[in-house]
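The values are calculated or read from the model by the stated rules, or taken from the named source; none is laboratory data. From a predicted model like this one, the values you see are computed outputs, not experimental measurements. No Cβ is skipped: glycine too gets one built from the backbone with ideal geometry, and neighbour counts run over all protein chains shown.
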Amino acid sequence: MRQFLLLVALLTSCFVYTNSVNAQDEAGINASPFVIPALREWKGGVNYFEWPGNIKLVVDPAYSKALLPVAKLLAEDLRLVSPDMRPKVLTGQPSPGNVYFTLRSNDGSLPAEGYVLDIDNTLRIEAKDSIGAIWATRSLLQMLEQDHLHHRIPKGVARDYPKYAVRGFVLDVARKFFTIEFLRDYVKFMSYYKMNDFQIHLSDNGFKGFFGDNWDSTYAAFRLENTTYPNLTAKDGSYSKAEFVALQQMAQRYGVNIIPEIDVPAHSLAFSKAVPGIGSNLYGQDHLDLNNPLTYTVVDNVFKEYLQGPNPVFIGNEVHIGTDEYAKKEAEKFRAFTDHYIRFVEGYGKKVRMWGSLTHAEGTTPVKVDDVTMNLWYNGYADPKTMFDLGYKGISTPDGWLYIVPAAGYYYDYLNTKKLYEDWTPNKIGDATFDENYPLLRGGSFAVWNDHVGNGITEKDVHHRVFPAMQVLSQKMWGGRTKPMSYVDFAAKSKQIGEGPGLNMLGRIVSKDSLVFSLDTKENVVKIHNAHFDKIKEELDLKGGSSYLSTNIPGIGYDYTVTFNLKPSKDNMPDAVLFASKDAVVMLNIQGSGKLGFSREGYSYSFNYTPPADTWTHITIKGNNKGTALYVNGVLLEKLEGAKRTFANGKQTAKVQTLFFPLAYIGSSSSACKAQISQLKVFNRELDEEVIKRIAEEVKNQK
């Protein structure tokens, strides 16, 4: 058994280099560099600031406590951007060629989170506060990403600041679990686009109709470790308190606020399963019984566990208490419940957010108003004008614009980014429009809701939906009504900017042509094809015994084509691994069926095909965001796409059968897989059928 690690530093940036950041007018004056969100103000200079690999990041000693962490974060990111970068962080006064950090804390003309970039012989970052300094570094990193060959940025002066204080994203981790690693990556991703508010929806449940109309079998999850009620914590995926605290601390370093949400008294099946008797027999077990004193005791105890003590689990300033979609007939009791938990959470020094529902739950029972913020999502539940008139603060979260519900058939599978770019700003909430400067409007937030539990959607699938929305909504929440260019131009230019240093969750790999990776086992040669490396060859010894190849390419995302010759033995064990990564596994004899298939995130799918033993067959697997197709000897055999799950009551949900193709390990290190692979080729696009046939013909006699 041999393991070979590719010693090639692959640049897996998703996007093709252009010189847009170096655009000049006829007089040689630099145009505003393209970043997302766009710089609010720019005065172009002449020529460029050259960014040396050993650049010094110098912090004003007067503000070292606030700004040294920002400079160190930039240094870390620069090392991820390029192996040539070796930045040094120090305090003192700058010299030409340095990046200098200081604050304009007393500058009344610069809003909170604002910054000035003065790019000349010295690059000066002058920020209103440390958060503004972080955003300045994100702009610089985006400029560098677009000019990674030359490491230069245009000279000029930028003055940049947000239109809205809250620029958010809501992720439902209850009905679909997301790993803590994914959440960490999303903090970095959001920070890269100056999105500063990450609401994590920690508790919820599926729809009873998809679970035999039986509450006992209906899926429910509470994703955070709970010691008061251990049965409350989901068994199929959860976060420890220590992990969640560390996530919040990390997010603060990146300028992002984590907003934990515990949704009560509806969407609360996890509570009634953990503590029988507190579910409503009248409205359903996903509604807590507001007549039962034990309900208040349990919910009090849960919130208290995360809020009490000198080192609480919820470390930020704001906590979300849910309060949406409860039975209308219980309006007065719902209002009393809401008021209780606003005051309960505030008693621990936190400010409260909630969904509200106070139009839906109209009544006379008072609900505290001062310093309470609502996510205004549907005007029939909480009419924004009425709520503002009462004095509530609001975050624009309109479902008809901003709700992604993957593969559900309602709301959006992918947001309409063109319409959002051209027509929406956070002052538009449903059919109500407010002044952009309305004082109680804090900003906006878009959301992913995983309503259809078990539909096969993966983290990669969710990210594929979020990424284009994040780019557009970053612009709209930072810049407001201002559109720096047409949507067509924005969409084209946005392809130059990825997810942030060290991230490639989309799994995109650039090449000069569509071939990004090939493994010729006949000649024992690996070829890496990349936009920045012509052809790199490494000799492999794959002869004899059980062998596998380890690469530094985790996998390739949508759209892709993978082709290879396959010769399996007849005595493969179940789930014999052909390709693997932390995200997915492609297997022979999947689940003992004899068929070729794949598994990811607990879902296993098989093609209706058993590769013949002791025979060479040419296999092509083609994947996109809709599904996965199998070609055998150049001919389409099956497309796993568009399938449905049908329940006993006739209800249906999607059955998503996508595959983020794994490339971290090729072959198996164990004796479970007995097969030979040759002529492996990986393409970063979907090849058409004629090309697939031609490749099959070219290699059919090669072993």
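Filter the stretch 197-229 down to residues that are closer than 22 Å to Ala242 by Cα and assigned to a loop (DSSP other than H, G, I, E, B) and give me whichever is nearest to the chain's Cα centre (by Cα).
Leu202
Scan the strands (runs of 3 or more DSSP E) fully inside the stretch 619-703 and keep the ones with 2 or more residues being crowded, with 18+ Cβ neighbours inside 10 Å and touching a residue at least 40 places away in the same chain (Cβ under 8 Å).
In the stretch 619-703, 652-655, 675-683 are the strands (runs of 3 or more DSSP E) which contain 2 or more residues that are crowded, with 18+ Cβ neighbours inside 10 Å and touching a residue at least 40 places away in the same chain (Cβ under 8 Å).
Going by the structure shown, is Met387 of a type outside the set (S, T, N, Q), closer than 17 Å to Tyr164 by Cβ and crowded, with 21+ Cβ neighbours inside 10 Å?
Against the criterion (of a type outside the set (S, T, N, Q), closer than 17 Å to Tyr164 by Cβ and crowded, with 21+ Cβ neighbours inside 10 Å), Met387 does not qualify.
Tell me the residue from Thr365, Thr338, Thr295 that is within 21 Å of Phe388 (Cβ to Cβ), modelled with pLDDT of 95 or more and in contact with a helix residue (DSSP H, G or I) (Cβ under 9 Å, 6 or more places away or on another chain), please.
Answer to the selection: Thr365.
Restricting to the stretch 144-157, name every residue that is of a type in the set (A, V, I, L, M, F, W, C) and either in contact with a Lys or Arg (Cβ under 7 Å, 6 or more places away or on another chain) or surrounded by 22 or more Cβ atoms within 10 Å (Cβ to Cβ) (or both).
If the condition is that a residue be of a type in the set (A, V, I, L, M, F, W, C) and either in contact with a Lys or Arg (Cβ under 7 Å, 6 or more places away or on another chain) or surrounded by 22 or more Cβ atoms within 10 Å (Cβ to Cβ) (or both), then Ile153, Val157 are the ones that fit.
Can you tell me how many residues within the stretch 42-79 are assigned to a helix (DSSP H, G or I) and not aliphatic (A, V, I, L, M)?
Total meeting the criteria: 9.
Given the criteria closer than 30 Å to Gln496 by Cβ and touching a helix residue (DSSP H, G or I) at 6+ places or on another chain (Cβ under 6 Å), does Asp147 qualify?
Taking the combined requirement at face value, the residue satisfies it.
Conditions first: (1) over 27 Å from Thr425 (Cβ atoms); (2) crowded, with 23+ Cβ neighbours inside 10 Å; (3) in the same structural domain as Asp236 (by TED's automatic domain parsing). Tyr193 passes all but one, so which condition is the exception?
Condition not satisfied by Tyr193: (1).
Being farther than 18 Å from Met470 by Cα, in contact (Cβ under 8 Å) with a residue 40 or more places away in the chain and touching a Lys or Arg at 6+ places or on another chain (Cβ under 6 Å): is that true of Lys385 here?
Criteria not met by Lys385.
Inside the stretch 560-604, counting only strands (runs of 3 or more DSSP E) that do not spill past its ends, which hold 1 or more residues that are in contact (Cβ under 8 Å) with a residue 60 or more places away in the chain, among the charged types (D, E, K, R) and within 16 Å of Gly667 (Cβ to Cβ)?
In the stretch 560-604, 560-568 are the strands (runs of 3 or more DSSP E) which contain 1 or more residues that are in contact (Cβ under 8 Å) with a residue 60 or more places away in the chain, among the charged types (D, E, K, R) and within 16 Å of Gly667 (Cβ to Cβ).
I'm trying to understand the selection: among the residues of the stretch 349-380, which are over 15 Å from Ile259 (Cβ atoms) and hydroxyl-bearing (Ser, Thr, Tyr)?
If the condition is that a residue be over 15 Å from Ile259 (Cβ atoms) and hydroxyl-bearing (Ser, Thr, Tyr), then Ser357, Thr359, Thr364, Thr365, Tyr378 are the ones that fit.
May I ask you to say which residue of Thr364, Thr359, Thr338 is surrounded by fewer than 23 Cβ atoms within 10 Å (Cβ to Cβ), of a type in the set (S, T, N, Q) and closer than 24 Å to Thr397 by Cα?
Thr359
Please work out if Pro111 is exposed (fewer than 13 other Cβ atoms within 10 Å of the Cβ), assigned by TED's automatic domain parsing to the domain that holds Asp129 and assigned to a loop (DSSP other than H, G, I, E, B).
No, not satisfied.
Using beta carbons and a limit of 9 Å, which pairs, at least six apart or on different chains, have the first residue in the stretch 395-420 and within 21 Å of Pro384 (Cβ to Cβ) and the second one among the charged types (D, E, K, R) and in a loop (DSSP other than H, G, I, E, B)?
Gly400/Asp431; Tyr411/Asp451
Within the stretch 172-183, does at least one residue satisfy the condition of being out of contact with any Ser or Thr (no Cβ under 7 Å at 6 or more places or on another chain) and without any contact (Cβ under 8 Å) to a residue 24 or more places away in the chain?
The answer is yes; a qualifying residue exists.
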